Amino acid sequence: MTRSALKPEALLRPTPKGLWCEPGDFYIDPPWPVDRAVITHGHADHARAGHGSVLATPETLAIMAERYGQDFAGHTQAVAYGETASVGGVDVGLVPAGHVLGSAQAVLTHRGLRIVASGDYKRRRDPTCARFEPVRGDVFITEATFGLPVFRHPPDAQEIGRLLASVRQFPERAHLVGAYALGKAQRVIRLVREAGYDETIYVHGALERLNRLYERFGVALGPLAPATGSKADFAGKIIVAPPSAIADRWSRRFPDPVTAFASGWMRVRARVRQRGVELPLILSDHADWDELTDTLTELSPGEVWITHGRDDALCRWAELNGLKARALHLVGYEDEDDEEIAADPAEGG
C-alpha cells in the first residue's frame, strides 16, 4: 500500500459505541443502536436492530429481517460483494469473510488509507457461504476467538465422518447434533450431504426459518423434516438442534440419544464434560490459530488490530514476526460458545 498522511485512528477508532469512522460518521458492528451502521454479518452480537441506517450484504439484510422483522432499521442499503458505496465521503466495500452466509469484511478507503475490518472469519472452504477473500490494507482488523496455538481445527470431513460412523455403529439410537441456528446448522447439514448421506435430516423448529432462507439463497440442504413424532421414528436418525435444546427436556423425546455438539470449543475437554457431550465435533466458523497467523503473514499489514478473543497470544505472535499489533478491547462481542445465551437461544457463531 502507498503510505498515507492520514493516521489510521483518524479514519477508524474504538469508542464505547464500537468502531467509529469519524469522516463517514458510521460505526462497524456497533453493540448499541446508532444513526449509521455497517454490519459485517448476521450474528446477534454483530447485527442488532434499531439502527437508523444499515449497510450490509443482501444476505445479511435478509437474515436481519428474518430475525428482527422487516422494520429492523430505519433505512437499509444492500452492497453486494465487490461493490463499493460512498458513506459520508468514505468508500466502503464488502468482500467475503467466509464466516456464514453473507458475511463480509468491510474495506474502508479514504485519502489513500485502507483499513480492512474482517469481522468474524475463517479461511477453509464452507459449502454454505463465499470463501474468505484476502485484501491488503494499511490496517487489518482481526478477531482472535481461537487465538491460541492449542486451537488447530481438524478437517471438516474427518469430523463429519465421525458423526456418520457413529450413526452406523448405533442404529438403535438417535443422533442429536447441537449446532448454532445461523451458519453452523446449515453447514453441518450441507457437509453431511456432501459425505453421501441422503436420508431425511430432522430439525428443531428454531432452525426452520433460517434453513429456508439459506435455500432461497441457493444453499441446497436436501430433505428436511420437523423433529416431531414418536420415539421409535428417530432410531438411527440425525436431528439438528440449537445447543441449548440438546440439554433440555426436549431431547428426551428421542431414543437413547447420542449427544453431539459442533463447535471449535470441543477441542477443550473441560467444555465437553461441562456440556455432557458424548460426541464432540470440532467444527468452527472462526479461524483457528494457523488460519489467523497465516492470514497475518499473507497480508503483512502495517498494523494489526484485534477486536476480541484471545488477543494476548496473537499480539505477541505478531510482534515476534515484525508486525505492529494492538488489542482494541471492544465490548459487546461474545465468544462462539456463549453467543446463544447472550443474544438468542438459537444464536451462535
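The values are calculated or read from the model by the stated rules, or taken from the named source; none is laboratory data. This is a predicted model, so every value here is computed, not measured. So basically every Cβ, Gly included, is an ideal-geometry build from the backbone, and we count neighbours across all protein chains shown. Each accessible area value is taken on the protein alone, full model and side chains, heavy atoms only, with ligands, DNA and RNA left out. Shrake-Rupley method; radii C 1.70, N 1.55, O 1.52, S 1.80 Å.
Based on the Cβ-Cβ distance from ALA10 to ALA49, what FRET efficiency comes out when R0 is 25 Å, to the nearest 0.05? Spell out each step's value before the answer.
Numbers: r = 30 Å, r/R0 = 1.21.
Using R0 = 25 Å, I get an efficiency of 0.25.
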**Over the chain: helical MRE at 222 nm, DSSP H runs n ≥ 4 each giving -39500 (n - 2.57), nearest 500** = -6500 deg cm²/dmol
**Request:** Any chance you could give the angle, 0 to 90 degrees and rounded to 10, that helix 156-169 forms with the longest Cα principal axis of the chain?
**Result:** 10 degrees
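About the Cα centre, and with charges only on the beta carbon of Lys, Arg (+1) and Asp, Glu (-1), how big is the dipole of segment 156-281? Nearest 20 debye, please.
Values: 20 positive and 12 negative charges, 92 e Å.
In total the dipole reaches around 440 debye.
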**Request:** Go ahead and set up a Gaussian network model of the chain, Cα springs under 10 Å, then flag whichever of GLY74, GLY82, GLY161 fluctuates most.
**Result:** GLY82
**Item:** Sulfur and carbon atoms: percent of accessible area, segment 44-190 [1.4 Å]
**Value:** 50 percent
**Fill in**
The rounded separation in angstrom of the Cα centers of segment 65-136 and segment 293-310 is 18 Å
**Message:** Can you give me the distance in nm between label points at ALA80 and ALA220, each placed 7 Å from the Cα along the Cα-to-Cβ direction?
**Reply:** 2.2 nm
**Message:** Helix 184-194 against the longest principal axis of the chain: what's the angle in degrees, Cα atoms only, rounded to the nearest 10?
**Reply:** 60 degrees
**Message:** Expected output is a single nm value to one decimal: the length gained when fully extending between ARG124 and VAL268, i.e. 0.36 nm times separation in residues minus the C-alpha distance. What is it?
**Reply:** 49.8 nm
**Complete:** Projected onto the charge dipole of the chain (unit charges on the beta-carbon of Lys, Arg, Asp and Glu, signs +1, +1, -1, -1), the Cα from ALA78, SER53, MET266 with the largest positive-side position is that of MET266
**Fill in**
Projected convex hull area of segment 156-281, Cα atoms, direction-averaged, in nm², equals 7.0 nm²
**Message:** From the convex hull of the Cα coordinates of segment 63-146, what is the mean projected area in square nanometres?
**Reply:** 6.6 nm²
**Request:** Search the structure for amide H atoms under 5 Å from the amide H of LEU55, placed 1.01 Å from N in the peptide plane, and list their residues when 5 or more places away or on another chain.
**Result:** ALA37, VAL38, ILE39, GLN77
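Treating the beta-carbon of each Lys and Arg as +1 and of each Asp and Glu as -1, no other charges, what is the dipole magnitude of the chain about its Cα centre, to the nearest 20 debye?
Values: 40 positive and 47 negative charges, 105 e Å.
Charge dipole, the chain, about its Cα centre: 500 debye, nearest 20.
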**Asked** Anyone know which of LEU148, LEU328, LEU320 comes out most mobile in the 10 Å Cα GNM of the chain?
**Response** LEU320
**Message:** Need the full-extension length gain, ASP91 to GLU278, defined as separation in residues times 0.36 nm minus the C-alpha distance. One decimal, nm.
**Reply:** 62.4 nm
**Asked** Per 10 Å bin, what percent of the C-alpha pairs of the chain does each bin hold, from zero upward?
**Response** 6, 26, 33, 22, 10, 3, 0
**Request:** Using the heavy atoms of the protein chains and a 1.4 angstrom probe, tell me the accessible area per residue for the chain in square angstrom.
**Result:** 39 Å²
**Item:** Principal-axis tilt of helix 311-320 within the chain, Cα atoms, nearest 10 degrees
**Value:** 50 degrees
